[in-house]
Amino acid sequence: GAGVSQSPSNKVTEKGKDVELRCDPISGHTALYWYRQSLGQGLEFLIYFQGNSAPDKSGLPSDRFSAERTGGSVSTLTIQRTQQEDSAVYLCASSLGGQALTYEQYFGPGTRLTVT
Amino acid sequence: AQSVTQLDSHVSVSEGTPVLLRCNYSSSYSPSLFWYVQHPNKGLQLLLKYTSAATLVKGINGFEAEFKKSETSFHLTKPSAHMSDAAEYFCVVTPGFQKLVFGTGTRLLVSP
């Protein structure tokens with residue numbers, strides 16, 4: 001079946017511009033996660049959605065970052081006023097439920113963001 | 001706070017020889033631990049997870065890991081490396097049982 005998809009696969013933007021990254025989770029998966037993979041910081045958690053509960057935003061690095069999940073499915077990660085340190089691969093994952101030990105997180109291929 | 005430390009940034013082996021990727025964890029209680037693999041230009045994939053049911057955990061592609069509480073370790077092993085095993089491997093812990101906290105990764109290089 002279809003896995004997690006992300007778009008665009010690559011995005012180059014100028015410093016100061018806003019960007020939107022999209023994630024389509026596996027159908028029926030109630031939990032959705034955003035992670036960031038960068039040379040300086042490694043792989044780090046950003047935000048987590050589970051059903052209709054309030055999202056866990058504890059990993060967002062600044063208030064320039066926000067995310068929403070519409071209709072319990074597609075999610076968009078928005079970065080406002082991009083900075084060069086935002087350059088990274090942004091990974092989305094989804095799972096059947098919120099318990100990581102019980103429900104495997106399936107990762108998408110990522111969006112490579114380059115801020116010039 | 002829970003965290004993991006991967007002791008080697010790179011490990012080089014020859015095809016057919018054993019693989020050992022080292023991971024130590026820090027936790028004040030019994031942790032939930034995983035190993036993930038990331039092949040070039042591919043997404044992250046779960047290799048195995050520690051559920052406390054057994055200290056020796058078997059995963060996909062012949063990999064296994066042993067949870068040793070006395071050593072706070074969760075090392076990943078494979079008896080015989082294959083060229084297709086070349087990838088980056090992440091030791092992962094899950095504080096709060098939801099989000100994943102990744103180690104810094106170990107790049108495995110396999111030579112013929």
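The values are calculated or read from the model by the stated rules, or taken from the named source; none is laboratory data. None of these values were measured; they are calculated from a predicted model. Using ideal geometry, Cβ is built from the backbone for each residue, glycine included, and neighbour counts are taken over all protein chains shown. Just so you know, the surface numbers come from the protein's heavy atoms only, side chains and all, with ligands and any DNA or RNA stripped out. Shrake-Rupley method; radii C 1.70, N 1.55, O 1.52, S 1.80 Å.
Applying both filters, DSSP loop and at most 11 other Cβ atoms within 10 Å, to the GluC sites (Glu not before Pro) of segment B:1-100 gives B:71. Remark: accessible area buried at the A-B interface is about 1500 Å², both chains counted, probe radius 1.4 Å.
Normalising by the residue count of segment A:5-96, find the relative contact order in percent from Cα pairs under 8 Å and 6+ residues apart.
Working: 178 pairs, mean separation 35.7, N = 92.
In percent, rounded to a whole number, it is 39.
Residues in segment B:50-112 average 47 Å² of solvent-accessible surface per residue, probe 1.4 Å, ligands and nucleic acids excluded. In this view, the solvent-accessible surface of residue A:22, computed with a 1.4 Å probe and all protein chains in place, comes to about 100 Å².
Out of the trypsin sites (Lys or Arg not before Pro) in segment B:67-107, which ones are loop residues according to DSSP with at most 14 other C-beta atoms within 10 Å? Before the final figure, lay out each step's value.
Values: sites: B:68, B:69, B:99, B:107; in loops: B:69, B:99.
Loop-located and lightly packed - B:69.
Output the relative contact order of chain B, whole-number percent, from Cα pairs under 8 angstrom with separation of 6+ residues.
Details: 278 pairs, mean separation 42.1, N = 112.
Computed value for chain B: 38 percent relative contact order.
Post the alpha-carbon centroid distance, segment A:52-110 to segment B:1-34, in whole angstrom. Cα centroid to Cα centroid, the span is 26 Å. Taking the Cα centre of chain A as reference, the dipole from Cβ charges on Lys and Arg (+1) and Asp and Glu (-1) amounts to some 180 debye. Whenever you get a sec, compute what percent of the accessible area on the protein assembly as shown sits on carbon and sulfur atoms (1.4 Å probe). Ligands and nucleic acids excluded, carbon and sulfur reach 48 percent. Based on the Kirkwood radius over alpha-carbon pairs, what is the Stokes-Einstein translational diffusion coefficient of the protein assembly as shown at 10 °C with 1.306 mPa s viscosity, in µm²/s? Estimated via Stokes-Einstein, D reaches 87 µm²/s.
Taking the square roots of 5 times each eigenvalue of the Cα gyration tensor of segment B:3-111, largest first, gives ellipsoid semi-axes of 22, 14, 12 Å.
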